[in-house]
């Protein structure tokens, strides 16, 4: 059984309105929506509530009580959008946070409170931050979602339920604390069941016969006899490390220390699981409620903290602490299996494993200029030059080898570009060619090399390729498409040599 924290916002929409419009603090206001042809009160500000305005009241009656009442129209889905934002904000406290419509949030806090010094400081930190942002919030911690929900909304004593003592904590609460439907609550009230303790110990057969299965289900969920799991607003990463700060930090050295600490912890977790990360995310949560993150990627699975730190270092300068950082989080959203032999390569100084050294170099280059700037091409089994190379992974094995018996350009154009050529016929190399407005006089030439397309793909004109060098020493790969005499040939530039 885990530990859960339920947060209840008794005035969610009103608090949001006050946060956006501080001038409403000294003025009664309501948020209304149209129901069955009438405007009904959806939410009310603190001053309006003090003067008798309640949720579900007809707006006309509310204005009769308070003529100066300020009216705002309700926007459908406002609670869900606001709760989504607040739930994402709660991810700084736990990796599993779920929306609890219409006015709450559920957190799976198993293994988290010790980072704040215990459950009470943990709960105080969350409610204190929410209060500072202008949201009234009540929260409670228990072994089950149902019990935490009940204590947050109806609890009168300690909001933290001692593990294993769910039933004594629930007994003095009203039946509404079990999240029951209104019709069922009315039946319980008519029969005089004013607290959960007045019926929770009754035989299950009696309760089912008198009230149906819903009551038994809710009791079982609240007592942990029936599992209930929150649906997280974001999938929780498997590998995640968190480091809260006792006091907000601002300096680069503090960020470096936090990152090094988290990398060591994360790499230890990866080692135990026999995995290495392919991407890592370092996120900071600030005192003002904002957050910022930097991301790195690797070409191979890695769990070497020193190497990962080098990848993060060029990006740390982009983090702006602002008023201070209160929580650091490091996640590995993409991981792959990593063998002990691969890990030994990373940890061995002076290793001859050039593949690993190359991977480290490429990771650092990608961290500076972006992974999209690094490309690798593999040979393909085709004669046609533009089809003889294909993009491939940095460490993908090739199915064939590069051709080395004939010269090939360092840079091959994706598509041949037409040029104007002056050349003797029939098989002599050109004397000069014009490319993009510039005339190149050819000093040396070698060829021709005839290349034909595979007949089973397409019947195209034959090509006669020449390696030519102009008076400036630049070398080019030209070809003539077609035969003299049979058809009018055309000349193209297809590549550049070093």
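Since every read-out is calculated from the coordinates, none of them should be taken as a lab result. Keep in mind that what you see is a predicted model, and the values were worked out from it rather than measured. Glycine also receives a Cβ, built like all others from the backbone with ideal geometry; neighbour counts cover every protein chain displayed.
In terms of other Cβ atoms within 10 Å, 491, 402 run from fewest to most in the order 402, 491. Take every DSSP beta bridge whose two residues both sit in the chain; close to 95 percent of them are antiparallel. Were the residues from residue 33 through residue 397 laid out at 0.36 nm apart, the gain over their Cα-Cα distance would be 124.7 nm.
What is the calculated FRET efficiency for residue 131 to residue 264, with r their C-beta to C-beta distance and R₀ = 30 Å, to the nearest 0.05? Don't jump to the answer; show the numbers that get you there.
Working: r = 35 Å, r/R0 = 1.17.
Between residue 131 and residue 264 the formula returns 0.30.
Spin-label model, residue 273 to residue 497: label points 7 Å out along the Cα-to-beta-carbon direction sit 5.3 nm apart. The convex hull built on the alpha-carbon positions of the stretch 120-233 has an orientation-averaged projected area of 8.2 nm². Treating each Cα of the stretch 177-315 as an identical point scatterer and ignoring solvent, apply the Debye formula and state log10 I(q)/I(0) at q = 0.16 Å⁻¹. With no solvent term, the Cα-only Debye profile gives -0.84.
Taking the Cβ of each residue in 202, 40 as the centre, tally the other Cβ atoms inside 10 Å and list the residues starting with the fewest.
Working: 202 14, 40 18.
Exposure proxy ranking, most exposed first: 202, 40.
Here is the tail figure for the stretch 377-454: Cα pairs spaced more than 18 Å apart come to 57 percent of all pairs.
Residue 459 to residue 376: FRET efficiency via 1/(1 + (r/R0)^6), r the Cβ-Cβ distance, R0 30 Å, to the nearest 0.05? Mind showing how you got there, number by number?
On the way: r = 32 Å, r/R0 = 1.07.
Given R0 = 30 Å and the Cβ-Cβ separation, E is 0.40.
Full-extension gain between residue 293 and residue 449, please, as 0.36 nm times their residue separation minus the C-alpha to C-alpha distance.
Full-extension gain reported as 50.7 nm.
Taking 0.36 nm per residue of separation and subtracting the Cα-Cα distance, full extension of the segment from residue 78 to residue 441 would add 123.4 nm. Taking label points 7 Å from Cα along the Cα-to-Cβ direction, residue 315 and residue 474 give a separation of 3.8 nm. Once Rg and the Kirkwood radius are both taken over the C-alpha atoms of the stretch 161-223, their ratio Rg/Rh works out to 0.94.
Recomputing volume of the Cα convex hull per residue in Å³ from the coordinates shown identifies the correct label among [x] 298; [y] 143; [z] 174 as [x]. By the count of other C-beta atoms within 10 Å, a proxy for reagent exposure, 334, 206, 327 are ordered fewest to most as 206, 334, 327.
Approximating the spin labels as points 7 Å out from Cα along Cα→Cβ, the residue 209-to-residue 256 distance works out to 7.6 nm. For the pair the stretch 231-254 and the stretch 13-66, the centres of their Cα atoms are 38 angstrom apart.
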